[in-house]
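> Right, I'll just put the structure down here and ask away after.
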Amino acid sequence: MRVVLVLQGGGALGAYQAGVYQALHEHGLAPDWVVGTSIGAINAALLAGNHHEHRLQRIRQFWDRMSQRDPYDPMWMSEAQRRQNIRLSTMQAMVAGVRGFFRPRPFSPFSLGLQVPAEQASFYDTAELGATLEELVDFDVLNSPEGMRLTVNALRVSTGSLVSFDSLDTGRITADHIRASGALPPGFAAVRIDGELYWDGGLYSNTPLQTVLDDTHRPVDTLCFMVDLWSAQGPEPDTLEEVQTRLKDVTFASRSQRHLEDYVKTRRLQQKLRELYATMPPQQRSAQHGRDLAELGCDTTLHVVRIPYAGHDWHMPLKDINFSRGSVEWRWNQGYADAQRAIGAAGWLAFVSEDTPLVVHELPPLPDSPATGTRQLPLGDKAPAR
């Protein structure tokens, strides 16, 4: 099967994605195609823009550079001390920026509500991210047709439409395409590409699963690892901080369930069209009819392995700006452990019938957790709600 890795946006939470990739790398599940938005686009570029033997090293270099040194080892701090340390680290990122990623624009007229060039209409400047990408990403490798396919999503500011920059058909992907995918206003300014301004693709859809579902380049059985950084489900908030956290979770959480239900419905219609065409007399068929059916895709099975970040981060609304080294390392390790659980279960190796368009694999339960398991969705069945 073709292996695909789908990466959400989520700022500092993206270290979890790096841990997931480490597990895939160690088990020989290197993606053939990686799709990302925002921080997911950055992680994706680090993978697609390096040869296999250098990928883990480069993504580790990036996250080591992004993480901010803790004054004390978090392992020896109390819970209250760790929480205070994270608050200080987050404030440091907001005031001083993050080395190699973004820096504040001091004395910018934008902060006073005055007019500035569109490429400077933000509180922070991401020029340093461009330099970091140029250093850690080999764009010749990234744009090579023999390499890993890369797709990053961004929002066209002038039309509000989602645009996918794909290494197969966009032409040459540059650091600006990656920066555009993560240009979340008003923190980061839009990036201009070929005369058009682009913002963070997460403003339209933070989980780029639809890009995989709509793909017609290579209709083959696919194993898709989807890494979710935000949770659509959560407790009722009763403080300002919890309300702000819940709002951000719901805003950026995956809409994958609806996308998957639509995918099954579409596949069912395609199957019916092929069945009806097969009943037509041969003299009524044509070469054009055959080409039209081929464009709809063939009978393939998509396995989606959902790997969700389960950290609560003390319900802090700015958790995606928390680049403290202890937090980055914890998220990386958590992503690695969760991906190991998913790989250990390897539900995609079980037999499925040819008329099964979609199988969703949830993380195997921990010893003290309720079972989640695998859901097969054959043609004609409706995807159950979570």
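The values are calculated or read from the model by the stated rules, or taken from the named source; none is laboratory data. Bear in mind the structure is a predicted one, so any value in this text is a computation, not a measurement. Quick reminder, even Gly has a Cβ in these numbers, built from the backbone with ideal geometry, and neighbours come from all protein chains shown. Note: accessible area is taken over every heavy atom of the protein model, side chains too, but ligands, DNA and RNA are not part of it. Shrake-Rupley method; radii C 1.70, N 1.55, O 1.52, S 1.80 Å.
> Go through (1) open to solvent by 60 Å² or more (accessible area, probe 1.4 Å); (2) not in a helix (DSSP H, G or I) for Lys265 and report which single condition fails.
Exception for Lys265: condition (2).
> Among the residues of region 58-85, how many are under 23 Å from Asp125 (Cα atoms) and not charged (D, E, K, R)?
7
> Check Ala310 against each of (1) open to solvent by less than 20 Å² (accessible area, probe 1.4 Å); (2) over 15 Å from Leu5 (Cα atoms) and name the one condition it does not meet.
(1)
> If I ask for residues that are aromatic (Phe, Trp, Tyr) and over 30 Å from Arg60 (Cβ atoms), which ones from region 96-134 would you list?
Phe107, Phe110, listed by residue number.
> Follow-up question, since we're still on this one. Regarding region 84-97, can at least one residue be identified that is open to solvent by 20 Å² or more (accessible area, probe 1.4 Å) and part of a loop (DSSP other than H, G, I, E, B)?
No, every residue in region 84-97 fails to be open to solvent by 20 Å² or more (accessible area, probe 1.4 Å) and part of a loop (DSSP other than H, G, I, E, B).
> Here's a follow-up. When you check Pro317 against the structure, is it modelled with pLDDT under 85 and out of contact with any Phe, Trp or Tyr (no Cβ under 7 Å at 6 or more places or on another chain), yes or no?
No; evaluated as a whole, the condition is false for this residue.
> Just to check your reading of the model, which residue among Ala287, Ala339, Ala278 is among the aliphatic types (A, V, I, L, M) and open to solvent by less than 50 Å² (accessible area, probe 1.4 Å)?
From the options Ala287, Ala339, Ala278, the qualifying one is Ala339.
> Among the candidates Gly160, Gly171, single out the residue that is small (Gly, Ala, Ser), surrounded by fewer than 20 Cβ atoms within 10 Å (Cβ to Cβ) and over 18 Å from Leu133 (Cβ atoms).
When all the criteria are applied, what remains is Gly160.
> Follow-up. Out of the residues in region 4-18 meeting the condition of being part of a helix (DSSP H, G or I) and under 17 Å from Val250 (Cα atoms), tell me which one is least open to solvent (accessible area, probe 1.4 Å).
Across region 4-18, the extreme among qualifying residues is Leu13.
> When both residues are 6+ apart or on different chains and their Cβ atoms are under 7 Å apart, which pairs have a first residue that lies in region 338-351 and is closer than 14 Å to Tyr16 by Cα and at pLDDT 95 or above, and a second that is open to solvent by 20 Å² or more (accessible area, probe 1.4 Å) and not in a helix (DSSP H, G or I)?
If the second residue must be open to solvent by 20 Å² or more (accessible area, probe 1.4 Å) and not in a helix (DSSP H, G or I), the pairs left are Asp338/Leu363.
> Tell me, yes or no, whether region 53-73 has at least one residue that is in contact with a Leu (Cβ under 7 Å, 6 or more places away or on another chain), part of a helix (DSSP H, G or I), in contact (Cβ under 8 Å) with a residue 40 or more places away in the chain and under 18 Å from Asp200 (Cα atoms).
Scanning region 53-73 turns up no residue that is in contact with a Leu (Cβ under 7 Å, 6 or more places away or on another chain), part of a helix (DSSP H, G or I), in contact (Cβ under 8 Å) with a residue 40 or more places away in the chain and under 18 Å from Asp200 (Cα atoms).
> Restricting attention to region 136-143, does a residue exist that is modelled with pLDDT under 95 and acidic (Asp, Glu)?
Within region 136-143, none of the residues are modelled with pLDDT under 95 and acidic (Asp, Glu).
> When you go through Pro106, Pro186 one by one, which is the residue that is touching a residue at least 24 places away in the same chain (Cβ under 8 Å), in a loop (DSSP other than H, G, I, E, B) and farther than 22 Å from Arg65 by Cβ?
Unique residue meeting the criteria: Pro186.
> For the list (1) crowded, with 20+ Cβ neighbours inside 10 Å; (2) over 19 Å from Tyr21 (Cα atoms), I need the number of the one condition that Met316 fails.
(1)
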